Amino acid sequence: MKDERLASQSKIQNPKSKIQNAAPFLKWAGGKQRLLAQYQDYFPPRHTVRRYFEPFIGGAAVFFHYQFPRATLSDKNDKLIEAYRMVQQNVDGVIRALQPHRNDADYFYAVRAQNPADLSPAERAARLIYLNKICYNGLYRENSRGEFNVPFGRYKNPTICHESRLRAAARALQGARLLAADFEETVADAQEGDFVYFDPPYAPLSATSSFTSYSKDGFTVADQKRLAAVVADLTARDCRVMLSNSSAPLVYELYDGRPPYRLIKIQARRNINSKANKRGPVKELLIINY
């Protein structure tokens, strides 16, 4: 059954074709849109990738840019995955639901207070996109009850419904498998010839720099260690793996000096900080096993 499903996906999306102008329709902490130029020399050639796995989808900048064939995209945040599914399956409904939303503080807080269970799937996707576009710093964060809790962002003229971008994203997502799942489950059947890109919540550089609350469950040191074990297992299966992470001591401890890993320094810009003067260049690591 699994092989049949994957075969049907490959018919939907020609692995030799790419959808033009496909780009993230969400802003996401740690998004890779600005780092693609630094990453491009390290990605395997597109035509050599049998299947592509991205277990921490976020804004999906890497997927939309490279559009590797037979993609499996996942995240533990089921609300995020539902939004991607709705853009994939019912982009017209999402666009219709987005169009009435407006850039107004009182209206924003009223939408934020809605019970998502009272909305249709397309309306829930539109709500998530709207809150993401209008909230402070484009940040997605949940409290311990799984409720979105970022304040109003006070933008002058934000684009709430970017229709052409949503339609391009919908076309690019055709044939992709979308899973609300843990990263370990997502790559359980990865094999030789497959390429896996991990972009987890980063290991904190200091006790005060941690931001892992994209979902109510967070991402812990134990999760970072479990991820390293999964990377080692994929390496033993002859899968090509790329991992983005911070330059925290924990990351060096888990990957440095462990062949065949290579640690590549990347200069990124930190955009999420309550103080603007603390946003700026920061060293990150790109870890590859090929």
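Rule-based calculations on the coordinates, nothing more; no lab input. Quick caveat, the model's predicted, so the values are computed rather than measured. Cβ atoms come from the backbone with ideal geometry, glycine included; neighbour counts cover every protein chain shown.
Extension gain for Gln99-Gln33 works out to 21.2 nm (0.36 nm per residue, less the C-alpha to C-alpha distance).
Please compute the length gained on full extension between Arg269 and Leu119, using 0.36 nm multiplied by the number of residues separating them and subtracting their Cα-Cα distance. Don't skip to the end; give the middle numbers.
On the way: separation 150, 0.36 × 150 = 54.00 nm, distance 3.65 nm.
Between Arg269 and Leu119, full extension yields 50.4 nm more.
Each label was represented as a point 7 Å from its Cα along the Cα-to-Cβ direction; for Ser206 and Ile19 these points are 4.2 nm apart. Checked against a 23 Å cut-off, the cross-linked pairs Lys32/Lys265; Lys79/Lys283; Lys133/Lys225; Lys225/Lys265; Lys32/Lys133; Lys32/Lys156 give Cα-Cα distances beyond that limit for Lys79/Lys283; Lys133/Lys225; Lys32/Lys156. Length gained on full extension, Tyr107 to Asp41: 19.3 nm, using 0.36 nm per residue less the C-alpha separation. Short-range pairs are left out: with C-alpha atoms under 8 Å and at least six residues apart, the relative contact order of the chain is 21 percent.
Computed over the chain, the per-residue total of -39500 (n - 2.57) for DSSP H runs of n ≥ 4 gives a 222 nm mean residue ellipticity of -10000 deg cm²/dmol, rounded to 500.
Based on the Cβ-Cβ distance from Arg262 to Val221, what FRET efficiency comes out when R0 is 25 Å, to the nearest 0.05?
Working: r = 23 Å, r/R0 = 0.94.
It comes out at approximately 0.60.
Assuming a ≥ b ≥ c are the square roots of the Cα gyration tensor eigenvalues, decide whether region 142-205 counts as rounded (a/c under 1.5), prolate (otherwise, with a/b larger than b/c) or oblate.
Oblate is the answer for region 142-205, as a/c is 1.5 or above yet b/c matches or exceeds a/b.
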